[in-house]
There are 2 protein chains.
Amino acid sequence: MMFELQQLQQLIAIAESGTLSAAAERLHLSQPALSRSMQKLEEHFGAPLFSRTKNRMTLNETGVVAVQQARCVIEATESFDAAVRQKIKSLTLRIIGSCAPGPLWDLVPDISILASGMTIAYEILDDEALLEARLRDGTYPLVLLSHPMEGDDIVCKPYIEEQLFVSFPAGHQLASRKHLWAKDLDGLTMLLFTNLGIWSHFHNKMTKTHFILQTDRQAFSDLVTASVLPNFVTNLSRDHQNPQLHRVVVPLMDKEAKKTFYLCARKSNQQLFARIKPRI
Amino acid sequence: MMFELQQLQQLIAIAESGTLSAAAERLHLSQPALSRSMQKLEEHFGAPLFSRTKNRMTLNETGVVAVQQARCVIEATESFDAAVRQKIKSLTLRIIGSCAPGPLWDLVPDISILASGMTIAYEILDDEALLEARLRDGTYPLVLLSHPMEGDDIVCKPYIEEQLFVSFPAGHQLASRKHLWAKDLDGLTMLLFTNLGIWSHFHNKMTKTHFILQTDRQAFSDLVTASVLPNFVTNLSRDHQNPQLHRVVVPLMDKEAKKTFYLCARKSNQQLFARIKPRI
DNA sequence: GTCGATTACGTATTACGTAACAATT
DNA sequence: AATTGTTACGTAATACGTAATCGAC
């Protein structure tokens, strides 16, 4: 097979648009590119698919057949794509954690073992009311909340605790402290990883601390080791990220710096729920 | 659609070969290339199609579905290809001329007009017995022979005459001759276009003349104008090729240098045959 | 040590867009 | 003049093969 799916789509686009120019625009392609592409397709068959006058290109009899058949091929590729995506979806178990990533770092591997072969998909949201709704409407079989969830058809248990620490480079002025409060960080510049779920609420209150946000995990990690800026770690993150060499870790004493996460499920989905062992 | 047919074929090849290496060899591709190609396919779906250990790659559940579906797509592309080729074939009228190209230069345009929209395909052979057989077995509706054809179910008429000339550059020693015999060309070096059908028999007898053979029409044409070498032309070729400027044309008097070509058809195909007007 | 797969890297192909052109309306 | 398609050309994307690496058998 020496032709490409693209070419078939282009052929169809030309048939539907009437002219090569219009099709090119529709395909976000230049006219010359499309012209050459069709020439190649014709070359493949060794026969023209269009009848050409100097400034007009119309499908000839062969071209009409080609368009018909090309539609079948595109249809086949679309059902291929759909079938594979469907399969992937069917092999994907959707959970949701409010305070990701922390609790998920333990929960996802646990579930991976319980549901072997499945891919675990998760979403991190800071709106816990929305999470409760998502559990109830069946979008997710499991949610992790920072508080117990009420409801007749709901089961819920404490799963894990997370405690915030601040990580300082060895020589930092606060590195010798045994404990800290959030207000001690006023005026500091810190590195902060994004997508922290409800932890964001905590950081948002620290209006006097300047945060350098970083969305990319690897870039964040590189920055931490390369810079002398303090950053946050937790009892959970320390297990899962690189051990912080040449760094001192000091606990935060604010009551919002320690959270218990509750694993919640609908009773109808209790069998999976029951098999997940709390880490608390 | 962001994947290629190639990738689907490769996926199938891997499934059939068992390993990536074996498939790579079968596809005349290096292992790394195939590896990357599959990584791209997985990237497209955002999910793995293989389960990988360090030195083993096996289709996972998603991959198995993908292979199944990919087979359907390939099947569809093959019927696309077949349908288009079939259509092209159905729009192609096959004729055959023994002494091409000469007589065909007139015959092909004539038939193009009679069978408007059709592509005319022809073949040039120097074996006239074979041509007769091809007419009888239906491979070709029409043949051009250098002699009349016999047979109850055969119709036949003289179509055209072709006379060989030699074309010399203006200053050539033989350019002033009113006529020539083949033996006068002994010792000369001449340009000769290939695929001349039965004319080859004539040239083959001229063992003392050295021929520079040229298969490409354009290259031959360029050589003729650029060199001072003599070449053959005919009453038919002079009409269809560029007029030979600064050249003198001298007729060949040998009886093999003049041929009458006969158009032959089966009686069952007489209606087309009848509409073709002889050029004689 | 061989085999199978991935990563890294330099190169060669190719595919694209811009520009220039030809021809039609 | 505006539209439509083709050709020419320089560049950017990419796809490939070789070589190196890492593990498994």
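The values are calculated or read from the model by the stated rules, or taken from the named source; none is laboratory data. In this text the structure is predicted, and so the values were computed from the model without any measurement. Cβ sites come from the backbone with ideal geometry, for glycine too, and all protein chains shown count toward neighbours.
Tell me whether region B:155-167 contains one or more residues that are in a helix (DSSP H, G or I), of a type outside the set (D, E, K, R) and surrounded by fewer than 19 Cβ atoms within 10 Å (Cβ to Cβ).
So far as region B:155-167 goes, no, none of its residues is in a helix (DSSP H, G or I), of a type outside the set (D, E, K, R) and surrounded by fewer than 19 Cβ atoms within 10 Å (Cβ to Cβ).
Do any residues in region A:79-90 that are more than 11 Å from B:Gln68 (Cβ to Cβ) have Cβ atoms under 7 Å from those of residues that are β-branched (Val, Ile, Thr) and buried (at least 20 other Cβ atoms within 10 Å of the Cβ), where the two are at least six apart or on different chains, and which pairs are they?
Once the first residue is more than 11 Å from B:Gln68 (Cβ to Cβ) and sits in region A:79-90, its partners that are β-branched (Val, Ile, Thr) and buried (at least 20 other Cβ atoms within 10 Å of the Cβ) give A:Ile88/B:Thr62.
Can you pull out every residue in region B:184-202 that is touching a residue at least 24 places away in the same chain (Cβ under 8 Å) and not in a strand (DSSP E or B)?
Residues satisfying the conditions are B:Leu185, B:Leu188, B:Asn195, B:Leu196, B:Gly197, B:Ile198, B:Trp199, B:Ser200, B:His201, B:Phe202.
Considering every residue within region B:198-208, establish whether at least one is basic (Lys, Arg) and closer than 30 Å to B:Pro109 by Cα.
No, the conditions are met nowhere in region B:198-208.
Please specify each residue of region A:31-48 satisfying the condition of being of a type outside the set (A, V, I, L, M) and within 8 Å of DNA strand D (Cβ to nearest atom).
Hits for region A:31-48 are A:Gln31, A:Pro32, A:Ser35, A:Arg36, A:Gln39.
Look through A:Ile95, A:Ile120 and report the one residue that is more than 11 Å from chain B (Cβ to nearest Cβ), crowded, with 19+ Cβ neighbours inside 10 Å and of a type in the set (Val, Ile, Thr).
Selected residue: A:Ile95, the only one of A:Ile95, A:Ile120 that is more than 11 Å from chain B (Cβ to nearest Cβ), crowded, with 19+ Cβ neighbours inside 10 Å and of a type in the set (Val, Ile, Thr).
Among what's in region A:123-149 and is within 20 Å of the chain's Cα centre (by Cα) and assigned to a helix (DSSP H, G or I), pick the residue that is surrounded by the most Cβ atoms within 10 Å (Cβ to Cβ).
Among them, the one singled out is A:Leu131.
Sort out which residues of region B:65-83 are β-branched (Val, Ile, Thr) and touching a Phe, Trp or Tyr at 6+ places or on another chain (Cβ under 7 Å), and write them in order of number.
The one that is β-branched (Val, Ile, Thr) and touching a Phe, Trp or Tyr at 6+ places or on another chain (Cβ under 7 Å): B:Val73.
Of A:Phe50, A:Phe45, which residue is modelled with pLDDT under 95, more than 9 Å from DNA strand C (Cβ to nearest atom) and touching a Gly at 6+ places or on another chain (Cβ under 8 Å)?
That would be A:Phe50, the only listed residue that is modelled with pLDDT under 95, more than 9 Å from DNA strand C (Cβ to nearest atom) and touching a Gly at 6+ places or on another chain (Cβ under 8 Å).
Among the residues in region B:83-96, are any closer than 30 Å to A:Ala76 by Cβ and part of a strand (DSSP E or B)?
Taking every residue of region B:83-96 in turn, at least one turns out to be closer than 30 Å to A:Ala76 by Cβ and part of a strand (DSSP E or B).
Among the numbered criteria (1) within 14 Å of chain A (Cβ to nearest Cβ); (2) under 39 Å from the mean Cα position of the chain (by Cα); (3) modelled with pLDDT under 95, which single criterion is violated by B:Asp81?
(3)
Give me the residue from region A:49-73 that is within 9 Å of DNA strand D (Cβ to nearest atom) and in contact with a helix residue (DSSP H, G or I) (Cβ under 6 Å, 6 or more places away or on another chain) and, out of that set, nearest to the other protein chains (Cβ to nearest Cβ).
A:Phe50
Just to be sure I understand, how many residues within region B:171-222 are at positive phi and surrounded by 13 or more Cβ atoms within 10 Å (Cβ to Cβ)?
The number of residues fulfilling the criteria is 2.
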